[in-house]
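> Shown below is the structure under consideration.
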Amino acid sequence: MRTFRLMAAATLLMGTAIAGPALSQTSLDIAIIGEPQSLDPMMSTQDVVSIVTQHFVETLYTFDSSWNVAPLLAESLPEISADGKTYLIRLRDGITFHDGSAMDSADVVASLERWKTQATRGKGVADRIEAITAVDPLTVQISLNAPYAPLLSLLAFSNSAAAVYPQEVLGETLGAIVGTGPYRLVDHKPDQYIQLARFDGYKPRSEPASGTAGARAALVDELRFVPVPDANTRVEGLLSGQFDYADGLPVEAYDRIAASDAADPVLLDGFGWPVWAINHKAGLLTNRDIRKALQAALPFDDMMFAAFGDDKFFATEAAMYPEGWPWHVTNGTELYNINDPARAAEYLKAAGYDGTPLRILTSRQYEFHFKMAEVAKIALEAAGFTVDMNVVDWATLGQQRNDPALWDIYITHSPFLPEPALTDLYFSTSRLGWANSEKDAVLAAFTTETDTAKRLDLFGQLQGYLMDDVGFIKTGSFAALQGQRKGLTGVNLSPWPAFWNAARP
């Protein structure tokens, strides 16, 4: 499993002040990589959305520190029928929304119905759900037409989340941002700040805190999330003491932060993998030979070195899960890191490629995305591609990737997730639209199977299809750098740092 290491450090540098509202005496300023695409976590898969919204919107379940599913708004883990098709979920009593109304089964049913029709991950499971019903005011039943092993992980994930809202605010868009979390939304100035205040009506769980499970306490009066698109500005703000925490820092800043008197680096080893997401709905890459040319041309060693600079921060490895993870398999890995321009040119010739530009959509807010794209562009052009780089801010990328007419590839990244089916890119219902009848049959079997050994074998087959058909591309594995004020305690260190148990010195 991945581990999260907090690296202590000692130089005080001045950052650029960012205007915002007056803060209370107990507050945390948190620098994030840019303006979130949405404050409705059901409608976005962006990590920056999850980081912010998990503090005021909650789900039935969550993950503990070992990535086991644990109850959150549910009273306990569900009662599952012997055939695996019925989930009986008992809700916690006395849960209050930020508008003062009480949460009940009608709210949960309405929220889950919206999730399965509107959210990317909900759509992926919608065809398995026969009914979501309220048994009584504090009990919900989910009935499936076949067993679905990843269901609890989907209900626990804060990304494209099965979030619970009052039924009165639900619609294609929310009428208001109203959740149950330990903080409530009080002010949002786009591109300036998102300000949260302690919710005095919050009812914490009694279990000890573990990951995002267990007790949540709002130990500071306010949280302020500040969009800071420039990575170096986030570093300077952390080192100057302007920010209490900063996400998405360039790894080359590690030594400066470690030498600082003001801040500590937070290095998340084995954090995740950069993703080259491929458009299967429209454009050049609907042609498999052109996808194979892309796969053959990309120089993953050079791309990862350009992105991270030191191999202590990355590994060029093919498997979707590294060694040590229970999902590590080797199927198809011989097709990784071919780095052969001549072979790529042969695929382009076979495809009858006519020089139409390959459109790569990327952003500099995650600087390593852009650095990989720069190196890849040179290699792709050497293989015969014409390349059009579209560099936009992260929020714009989040919007444009929803329109398949605007891109052939967009660059993103993902943490290693505890359940492979949480990676929605495998599903034909994702924005990639990767549909392959053989892959889809294996994926259906994988999500239905409950035996662990059989699921691992099926995941191996799925990884083989991914490599052979070039569904999307993992370029390697990497560590991620965050940073925090010296003496800050209680932050849940993860790809989605949480601050409800955090306190300043």
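> Just to confirm my filter: which helices (runs of 4 or more DSSP H) fall fully inside the range 105-161 and include at least 2 residues that are aliphatic (A, V, I, L, M), within 17 Å of the chain's Cα centre (by Cα) and crowded, with 21+ Cβ neighbours inside 10 Å?
151-156
> Those residues that are among the β-branched types (V, I, T) and either touching a Ser or Thr at 6+ places or on another chain (Cβ under 8 Å) or modelled with pLDDT of 95 or more (or both), I need them from the range 248-289; list them, please.
I257, V266, V275, I278, T286
> Restrict the check to the range 32-42 and report whether at least one residue is surrounded by fewer than 22 Cβ atoms within 10 Å (Cβ to Cβ), of a type in the set (S, T, N, Q) and touching a strand residue (DSSP E or B) at 6+ places or on another chain (Cβ under 9 Å).
Scanning the range 32-42 turns up no residue that is surrounded by fewer than 22 Cβ atoms within 10 Å (Cβ to Cβ), of a type in the set (S, T, N, Q) and touching a strand residue (DSSP E or B) at 6+ places or on another chain (Cβ under 9 Å).
> Within the range 337-357, is there a residue that is among the aromatic types (F, W, Y), modelled with pLDDT of 95 or more and in a loop (DSSP other than H, G, I, E, B)? Spell out the reasoning first.
So in the range 337-357, the residues among the aromatic types (F, W, Y) come out as 347, 353.
Filter again for modelled with pLDDT of 95 or more, leaving 347, 353.
Next, from what is left, pick out any that are in a loop (DSSP other than H, G, I, E, B): 353.
There is at least one residue in the range 337-357 that is among the aromatic types (F, W, Y), modelled with pLDDT of 95 or more and in a loop (DSSP other than H, G, I, E, B).
> So, A342, is that one out of contact with any Asp or Glu (no Cβ under 8 Å at 6 or more places or on another chain) and surrounded by fewer than 20 Cβ atoms within 10 Å (Cβ to Cβ) or not? Even if it seems obvious, please write down each step before you answer.
Details: out of contact with any Asp or Glu (no Cβ under 8 Å at 6 or more places or on another chain): yes; surrounded by fewer than 20 Cβ atoms within 10 Å (Cβ to Cβ): yes.
Taking the combined requirement at face value, the residue satisfies it.
> Quick one: would you say L185 is in a strand (DSSP E or B), of a type in the set (A, V, I, L, M), touching a strand residue (DSSP E or B) at 6+ places or on another chain (Cβ under 8 Å) and modelled with pLDDT of 95 or more? Walk me through how you get there before you give the answer.
Working: in a strand (DSSP E or B): yes; of a type in the set (A, V, I, L, M): yes; touching a strand residue (DSSP E or B) at 6+ places or on another chain (Cβ under 8 Å): yes; modelled with pLDDT of 95 or more: yes.
Answer is yes for this residue.
> Next question, about the same structure. Under 6 Å by Cβ, and 6 or more places apart or on different chains, what pairs join a residue from the range 223-246 that is part of a helix (DSSP H, G or I) with one that is modelled with pLDDT of 95 or more and among the hydroxyl-bearing types (S, T, Y)?
As it stands, the answer is L239/S260, since those pairs meet every condition given.
> Would you confirm whether or not the range 237-255 contains a residue that is more than 27 Å from V69 (Cα to Cα), charged (D, E, K, R), out of contact with any strand residue (DSSP E or B) (no Cβ under 6 Å at 6 or more places or on another chain) and not assigned by TED's automatic domain parsing to the domain that holds F308?
Yes: the range 237-255 contains one or more residues that are more than 27 Å from V69 (Cα to Cα), charged (D, E, K, R), out of contact with any strand residue (DSSP E or B) (no Cβ under 6 Å at 6 or more places or on another chain) and not assigned by TED's automatic domain parsing to the domain that holds F308.
> Where residues in the range 390-405 are over 23 Å from V375 (Cβ atoms) and in a loop (DSSP other than H, G, I, E, B), which of them is modelled with the lowest pLDDT?
Among them, the one singled out is N402.
> Hey, among the residues in the range 335-385 that are farther than 20 Å from R288 by Cα and acidic (D, E), which one's farthest from the chain's Cα centre (by Cα)?
E374
> Now for a different question. Do we have M320 as under 27 Å from L249 (Cβ atoms) and in a helix (DSSP H, G or I) here? Break it down stepwise before answering.
Details: under 27 Å from L249 (Cβ atoms): yes; in a helix (DSSP H, G or I): no.
Here the answer is no, as M320 does not meet what is asked.
The values are calculated or read from the model by the stated rules, or taken from the named source; none is laboratory data. Note that the structure is predicted; figures quoted are calculated from it, not measured. Methodologically, a virtual Cβ is constructed for each residue, glycine included, from the backbone with ideal geometry; neighbour enumeration extends over all protein chains shown.
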